[in-house]
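As structure tokens, the structure follows; a few thoughts come after it.
The values are calculated or read from the model by the stated rules, or taken from the named source; none is laboratory data. The model shown is predicted, which means the values in this text are computed figures rather than measured ones. Using ideal geometry, Cβ is built from the backbone for each residue, glycine included, and neighbour counts are taken over all protein chains shown. Quick note on the areas: whole protein, heavy atoms, side chains included, nothing else; ligands and nucleic acids left out. Shrake-Rupley method; radii C 1.70, N 1.55, O 1.52, S 1.80 Å.
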Amino acid sequence: MSDLLSVFLHLLLLFKLVAPVTFHHHHYDDLVRTLYKVHNQCPHITRIYSIGRSVKGRHLYVLEFSDYPGTHELLEPEVKYVGNMHGDEVLGRELLLQMSEFLCEEFRNWNPRIMQLIHSTRIHILPSMNPDGYEMAAAQGLNTSGYLIGRNNANGVDLNRNFPDLNTYFYYNEKYGGPNHHLPLPDNWKNQLVLLPQVEPETRAVIRWMHSINFVLSANLHGGAVVANYPYDKSLRHRLRSSHGTTTTPTPDDKLFQKLAKVYSYAHGWMHQGWNCGDYFPDGITNGASWYSLSKGMQDFNYLHTNCFDITLELSCNKFPHQEELEREWLGNREALIQFLEQVHQGIKGMVLDDNNNNLTGAVISVSGINHDVTSGEHGDYFRLLLPGTYSVTATAPGFDPKTVTAIVGPAEPTLVNFHLQRSTTQVNPGRRTPNGRQGGKMKMQPQIPKKKDSAMRQPHRGPA
């Protein structure tokens, strides 16, 4: 009898693991169970990790998809989705859980598009940046309008107004000269990431996450409108939200950001139509500052402090849609979510090496005519999103002669552009400007990591589990 009971319990567990997803809202415990269910279904291509805890101690869990979970593979870009930054804006949270199940299921079904995406991309999904706010919003009931209490975290702070304001520094540098990328944290922030309470724990966790992974592309999912919003969010003349006095404030990569926003908008079921929620946005996209100026937001911080190109996706008029609406919303967003991930594979990428084939970390990659640089990552690889065209690209590093090449970017796969830098006979002292105007400093070097994995040590998972 005990053997029969054991078999029954095993079959019951198996049924739970393979049961189809139902469309419903997920409280924190349900969210965690869903993430682990996906991981149990696809253990060879997923990993669950926590980037920190909320004010009330809830883990900020991330689900990673990769053929080598937990490992950065050379020349494989990293991309992230962040949902539920505002606790009362819940559709993004549900869409990211649904997408996680979709990616796993389609990989198991040998869907070639999804298999290619997971083999060529490291995807990080944070369904809820503000789990405390969600629980407060959900407790009010679905018939309550506004959800103003749940918007903020448990300390009453709007997380999308809690990042360092780097726009002011960039606007100053643009006018008077100075770095155009990787702007450092202000002096009054550096200790706050460790000790001081002014930075919310959720914000601190996300900033550390950005520091730990060289993200290339990102989107954060919101609600209350239907539009793809791209930087800058803060205008040169910052004002409170109003219908008057807004000013379009483009980044140096404005055309690229418009294209990224349009990819999502036109793949979405209805965003591209423009008329939604009583607003009209041509093509379903908007420059953030031209809509309303927002200071200390996560979107601008990504662009100015890291290598990551981030946009904000406003996905529903109703911030907390009824459960009956979730399936329609999923069907309207599914293709757009996948297409946006695929946009990380455009532009140029490559290795930056010294004359002894050692990887160079922190080398600056500059594109002539675009006043925004990126840097090589910890392992010497870099990624620069670009539209199709011909570009003059320069790699610089302290102590090395700069090198400039011409790169032709097509509409499909990224162009591989490697740099081998020769040591300069005239050393650049730390703090001095290099010939192209970039700041000199110490450069990390490490032995080159081979492009191919050692098949005797680890075999990539090339098919469904």
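Filtering the stretch 342-363 to residues that are surrounded by 22 or more Cβ atoms within 10 Å (Cβ to Cβ) and more than 21 Å from the chain's Cα centre (by Cα) leaves Met351, Val352, Asn359, Leu360, Ala363.
Looking only at residues in the stretch 264-288 that are buried (at least 18 other Cβ atoms within 10 Å of the Cβ) and part of a helix (DSSP H, G or I), the one that is nearest to the chain's Cα centre (by Cα) is Tyr264. If you check Ser120 against the conditions, is it open to solvent by 10 Å² or more (accessible area, probe 1.4 Å), over 20 Å from Glu342 (Cβ atoms) and either among the polar types (S, T, N, Q) or at pLDDT below 95 (or both)? Against the criterion (open to solvent by 10 Å² or more (accessible area, probe 1.4 Å), over 20 Å from Glu342 (Cβ atoms) and either among the polar types (S, T, N, Q) or at pLDDT below 95 (or both)), Ser120 does not qualify.
Take the conditions open to solvent by less than 10 Å² (accessible area, probe 1.4 Å) and basic (Lys, Arg) and apply them to Arg93. Does it pass? Against the criterion (open to solvent by less than 10 Å² (accessible area, probe 1.4 Å) and basic (Lys, Arg)), Arg93 qualifies. When Thr71 is tested against (1) surrounded by fewer than 20 Cβ atoms within 10 Å (Cβ to Cβ); (2) more than 30 Å from Asn359 (Cα to Cα), only condition (2) is not met.
The set of residues in the stretch 149-174 being open to solvent by less than 20 Å² (accessible area, probe 1.4 Å), in a helix (DSSP H, G or I) and of a type in the set (A, V, I, L, M) consists of Leu159 alone. Any chance the stretch 46-59 includes a residue that's open to solvent by less than 10 Å² (accessible area, probe 1.4 Å), among the polar types (S, T, N, Q), part of a loop (DSSP other than H, G, I, E, B) and more than 25 Å from Ala137 (Cα to Cα)? Checking the stretch 46-59: not a single residue is open to solvent by less than 10 Å² (accessible area, probe 1.4 Å), among the polar types (S, T, N, Q), part of a loop (DSSP other than H, G, I, E, B) and more than 25 Å from Ala137 (Cα to Cα).
Listed by first and then second residue, the pairs with beta-carbon distance under 8 Å, at least 6 apart or on different chains, first residue in the stretch 412-423 and closer than 14 Å to Thr394 by Cα and free of Cβ contacts under 8 Å to residues at least 40 places away in the same chain, second open to solvent by 90 Å² or more (accessible area, probe 1.4 Å) and part of a strand (DSSP E or B), form an empty list.
Is it the case, given these coordinates, that Thr396 is more than 25 Å from His211 (Cβ to Cβ) and of a type in the set (Ser, Thr, Tyr)? Here the answer is no, as Thr396 does not meet what is asked. Count of the stretch 394-413 residues, restricted to those that are closer than 19 Å to Gly347 by Cβ and crowded, with 21+ Cβ neighbours inside 10 Å, is 3.
The single condition among (1) touching a His at 6+ places or on another chain (Cβ under 6 Å); (2) at pLDDT below 95 that Gly284 does not meet is (2). Residues satisfying the criterion are present in the stretch 381-391 (criterion: more than 25 Å from the chain's Cα centre (by Cα), among the β-branched types (Val, Ile, Thr) and at pLDDT 95 or above). For beta carbons closer than 7 Å, sequence separation of 6+ or different chains, a first residue in the stretch 266-289 that is under 16 Å from Ser316 (Cβ atoms) and a second that is of a type in the set (Lys, Arg) and assigned to a strand (DSSP E or B), there are no qualifying pairs. For Gln339, the conditions (1) open to solvent by 10 Å² or more (accessible area, probe 1.4 Å); (2) modelled with pLDDT of 95 or more; (3) closer than 24 Å to Asn160 by Cα; (4) not hydrophobic (A, V, I, L, M, F, W, C) are fulfilled apart from (3).
For the stretch 384-393, does any single residue satisfy the condition of being open to solvent by 10 Å² or more (accessible area, probe 1.4 Å) and in contact with a helix residue (DSSP H, G or I) (Cβ under 7 Å, 6 or more places away or on another chain)? Walk me through it before giving the result.
Here is the first cut: in the stretch 384-393, the residues open to solvent by 10 Å² or more (accessible area, probe 1.4 Å) are 387-392.
If we keep only those that are in contact with a helix residue (DSSP H, G or I) (Cβ under 7 Å, 6 or more places away or on another chain) as well, we get 387.
Yes.
Residues that are polar (S, T, N, Q) and surrounded by fewer than 20 Cβ atoms within 10 Å (Cβ to Cβ) were ranked within the stretch 364-374; the one that is nearest to the chain's Cα centre (by Cα) is Asn371. Scanning the stretch 289-325 for residues that are open to solvent by less than 10 Å² (accessible area, probe 1.4 Å) and part of a helix (DSSP H, G or I) yields Ala289, Met298, Gln299, Asp300, Phe301, Asn302, Tyr303, Leu304. For the condition farther than 30 Å from Val199 by Cβ, at pLDDT 95 or above and open to solvent by less than 10 Å² (accessible area, probe 1.4 Å), Ala261 does not qualify.
Could you please find all residues in the stretch 347-363 being at pLDDT 95 or above and in contact with a Phe, Trp or Tyr (Cβ under 9 Å, 6 or more places away or on another chain)? Passing the criteria: Gly347, Ile348, Lys349, Gly350, Met351, Val352, Leu353, Asp354, Leu360, Ala363.
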